[in-house]
Structures are given as structure tokens and as C-alpha cells.
Amino acid sequence: MTVKQIDRLKTPRFMQQIESTLEPLEFLDRCAKNYGDLFFSNPFGDLETLVVSHPQDLQELFNPKNNILDAPGAANKIFTPHIGENSLIVADGVRHQRQRQLMMPPFHGEKMLNYGQQICALTQQATQHLKPGETFIARHLSEEITMNIILKVVFGIEEELRFENLKNLMTTWLGLTSSPLRASILLLPFLQKDLGAWSPWGKYIRYRQQIDEQLMAEIVKRRQQEQSSHFDILSLLVAAKYEDGEAMSDAELRDNLLTLLNAGHETTANAIAWALYWIHQQPEVYERVLQELQSLNTPDPMKIAALPYLTAVCQETLRIHPIVIFTFPRITLRSVNLRGYHVAAGTYVTPCIYLTHRREDLYPQPDLFQPERFINRKYSAYEFWPFGGGSRQCLGQVFALFEMKLILATILLNHQLKLEEKVPITPARRGFLMGPKGGVKMSLVVDNAR
Ligand code: HEM
């Protein structure tokens, strides 16, 4: 069989970086149109990576039996300023596996389900200040809710003053990288120069230091408390032990808290803002989802989470607008043949969620929001994969979907909202993520809860 050559992008490296920072989706659409399903690119600095999105290639690469991919922590160094050097995202091999095993249980199974009532209550609290006729930005509302969930459900911060303090710090800090231009201090390492407290990078690292101090104080406090009296995720992590009986160090706990905040707050918030947009943009979707919710005698979190149409709405939201467009980089441990293309051992690979989700052969008319796709067909983990795959697959994926459904259900059952956008909303970069440009303007029509 003749071996086919994989194309390299002809655009200069620097331009690729600029384009993928400022207009990542347009950049990827152009690449797929000009180069097909496999191409070498330099979207993140000097590192040349193979961009992969064909389901057959993903299956070959990610199938655990094949043992082709490694997920090196060193390739995620770009995230260090945001999550700390002890985070599982920058950990390798056994260390990464150990941390994952320790952190996984609170986000799965029965433990996680305990948080359902709390998620619904925090959603109610955040929406009750809305007044009929008042306009608001859906993403600001969903960010408020998911931030409160991380701080109260995950970190377990009960004291109001500590909670407000940390929330203000986090909100300001995340805001420093929230537009495509501001995000460039994270994506373009040459801009990471501390030129004093007022320079963009200087400000960024000073806020980060203050957050670190507050997180450390929270950890110390938790270590001193009776463990059995607290059920939040931080308390479970403080009490958890590796197989050899060792516990996580304070620095590991601190950086992983920051990781959970970064990985779990804006991701879910953007997904919820998109879901609210599509639900209110298409009256038939709104009617169907509301009917399904109202068919429940009691809005029990477990029953909400099992609703098929609401689930399909969440899936289609994450399909049409993947919040994370690439997984973390991988490296091939041995050479591999992908549909006739030879890929050498030691090749950096960047699996692209966005391009898979835009495939016409999987999703006819991919620009249309059609939750029914997920009712009529079962997609494989290589066709629909908003949470990545393999050894670094999203740790919070079950939690995120649970959270999304409960927040949407609580909002829709208690409030009648209206979309205040006159033109279709497009995605735009927000830090490492993608979200709805402008955040989705809405208004409250009727508050059913009052
Ligand atoms: C809609 C919401 C979310 C989306 C779309 C999302 C997506 C992703 C993706 C694509 C990855 C990389 C996977 C890979 O490289 O294969 C990831 C990793 C990760 N996510 Fe999420 N995520 C979401 C919510 C959350 C939540 C709520 C948490 C926890 C509170 C979380 C924690 C993590 C962590 C810790 C990792 C790193 C895992 C590792 O390195 O082993 N995510 N996520």
C-alpha cells in the first residue's frame, strides 16, 4: 500500500499562532478545507503538532488496547501560570494517574449525586434578584452560579466573608484574560513579563498570589476540622489517601483546587449560556424541554438528570459549540498508520473536538441546532466527544452534565425568559475556551417562583 503524505500548513508559524489565538474556528475551518482531515500545524508556539479529527483516526489513536498515545504533562506547561505546577494537568505518567484516581471519586457516583439539591438551591439564589422586564447577560448569570457551585460545593466554603473575598479575587483574576486580546498573555509566552503591578502580566501574577494565599488558608483550616462533619469535595480530597497511605500535599491540594476552578467554572458557564440561547432561539425546543420538565411530579435532581430530551439539548449544545476545541496535546509512543497516512513515533498530536463535531457525514447541516440527532442516533466516543478522551479525559464530565441539566431545569421551571439578541450569536475565544460572543443578552418576562 502506498503511504500518503500528511500536509504541513504553508502559513508562517507566527501567523498561525496569531490566527489561532484571535479567530480559532475560522482558522480551523480554513485548514480543514485546504488540507483535509489530517494536517501538521503550529497553533501553540514552536511545537509542530498533527491535528486529528476523523473518528476512525481518533479510534485508532485513543483505543486503550492500542497503547499509542501518551499525554505528557510537559506539553501542558502553557497552563502552569493558570493552575500551578503541582496540578494534575501538568503531571506525567504514574504521578498523573495517582492524582486522577484520588480526585475522581468525589465527581462520580453517589457522592456526586448528594450535591444535586445544593446545585438547585444555588441556582435559585442567583436568579431570585432578577426582576420582570430586566435585561441581563446569560453568561454572567451562569458564571455567577458555577462560581458559587465551585466555591461552596467543591471547596466547601461556608463563611460568607471568606466566600465573598475569594469570589471577588477569582472573578477579577479570570476577567484579566477574558477577551481574545487579553487572553494573549496566556497564549503568547513572550508577553509574560512582569513589568510592575500595573502591567498586564504583573497584575495577573499578583492576583494569582493572593488567591494562592487564600486557598492555602482554606486547606489549613480544613485539615484542622473534624473530617466526618464536612461533605464538600475539598474535605474528601484532604481525607483521601494514595495507595501507599500518603495524602496529597498542601501544594498539590492548592494547585488542584485552582485547576478545578479553572477547568470547571467557565466551561460549564459557557455551555449553559449557549444552551439558554438555543432553547430560547427555537420555540419548538423550548416547548418540548419545558413540557418534559413539567411532566415530573417533583423536580427531583435524579429525575431531572435522566430526562432524555433535556440530555439531548445539552449534548447538542456541546456538539455545535464545543467549549474546548482541542484536547490537551498527546504524543505517539510508536509509529501508526492512520487511513494510509504514516505517523512516526514521537509525533505530537492535537486531537480537535471542534472539527469532529462539524463533520457533515456525522451531523448533516452541522450549523443547525437539532437535539433530535441525539435521540435518533447513538454517537460513539470518537464521534461526539466534548470532554476529550483517554487518560486525560475530563475529570468532571459527569459532574458538568449533571450541573448543566440541574441549572437549566431550575431556571426554566422558575422563570420565563426572552432572548434579546437580534442577530445570530457567534462563538468567540474566552481565555483557553470558546463561548458565545457578548454572552447572550436575555430578559426576564415572568418569575414563576414568586
Ligand atoms: C461543559 C463543561 C466541560 C467541558 C466541555 C470540559 C472539557 C474538558 C476537556 C476537553 C478536557 C481535556 C480532555 C483531554 O485532553 O482528553 C478536560 C479536562 C479536564 N477537566 Fe473538564 N470540561 C468541563 C467541565 C469540567 C468540570 C465541571 C470539572 C471539575 C470541576 C472539570 C475538570 C477537568 C480536569 C481536572 C481536567 C484535566 C484532566 C487530566 O489532566 O487528567 N471539567 N475537560
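The values are calculated or read from the model by the stated rules, or taken from the named source; none is laboratory data. These figures come from a predicted structure and were not determined experimentally. Reconstructed Cβ throughout: ideal geometry from the backbone, glycine too, with neighbour counts over all protein chains shown. The protein model used for the area step is the full one, side chains on, heavy atoms only, and it has no ligands, DNA or RNA in it. Shrake-Rupley method; radii C 1.70, N 1.55, O 1.52, S 1.80 Å.
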Q | Condition check for Ile219: open to solvent by less than 20 Å² (accessible area, probe 1.4 Å), over 25 Å from Ala428 (Cβ atoms), more than 24 Å from the chain's Cα centre (by Cα) and in contact (Cβ under 8 Å) with a residue 24 or more places away in the chain | A | yes
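Looking at the range 56-154, what helices (runs of 4 or more DSSP H) fall wholly within it and have at least 3 residues that are surrounded by 22 or more Cβ atoms within 10 Å (Cβ to Cβ)?
Output list reads 116-127, 138-149.
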(Q) Return the residues of the range 37-53 that are open to solvent by less than 30 Å² (accessible area, probe 1.4 Å) and farther than 27 Å from Phe190 by Cβ; say none if nothing qualifies. (A) Leu38, Val52, Ser53
Q.
Looking at Gly175, Gly156, can you tell me which residue is modelled with pLDDT under 95, among the small types (Gly, Ala, Ser) and closer than 22 Å to Asn256 by Cβ?
A. Gly156
Q: Say whether the condition of being closer than 30 Å to Asn67 by Cα, in contact (Cβ under 8 Å) with a residue 60 or more places away in the chain and either open to solvent by 20 Å² or more (accessible area, probe 1.4 Å) or assigned to a strand (DSSP E or B) (or both) is met by at least one residue in the range 408-429.
A: no
Q) When residues of the range 354-392 are filtered for being open to solvent by 40 Å² or more (accessible area, probe 1.4 Å), touching a residue at least 40 places away in the same chain (Cβ under 8 Å) and part of a helix (DSSP H, G or I), how many remain? A) 3
Q.
Can you go through Leu276, Leu296, Leu261 and tell me which one is within 10 Å of the ligand (Cβ to nearest atom) and either at negative phi or surrounded by fewer than 21 Cβ atoms within 10 Å (Cβ to Cβ) (or both)?
A. Leu261
(Q) I need the full set of residues from the range 115-135 which are over 22 Å from the mean Cα position of the chain (by Cα) and touching a residue at least 40 places away in the same chain (Cβ under 8 Å), in order please. (A) Gln117, Gln124, Thr127, Gln128, Leu130, Lys131, Pro132, Gly133, Glu134, Thr135
Q: Test Met434 against the criterion of being within 15 Å of the ligand (Cβ to nearest atom), open to solvent by less than 20 Å² (accessible area, probe 1.4 Å) and not in a strand (DSSP E or B), and give yes or no.
A: no
**Q.** Single residue of the range 311-336 satisfying the filter (over 19 Å from the mean Cα position of the chain (by Cα) and more than 21 Å from Glu383 (Cβ to Cβ)) that is least open to solvent (accessible area, probe 1.4 Å)
**A.** Thr332
Q | Subset of the range 239-256 (residues that are open to solvent by less than 10 Å² (accessible area, probe 1.4 Å) and more than 10 Å from the ligand (Cβ to nearest atom)) | A | Met248, Leu253, Asp255
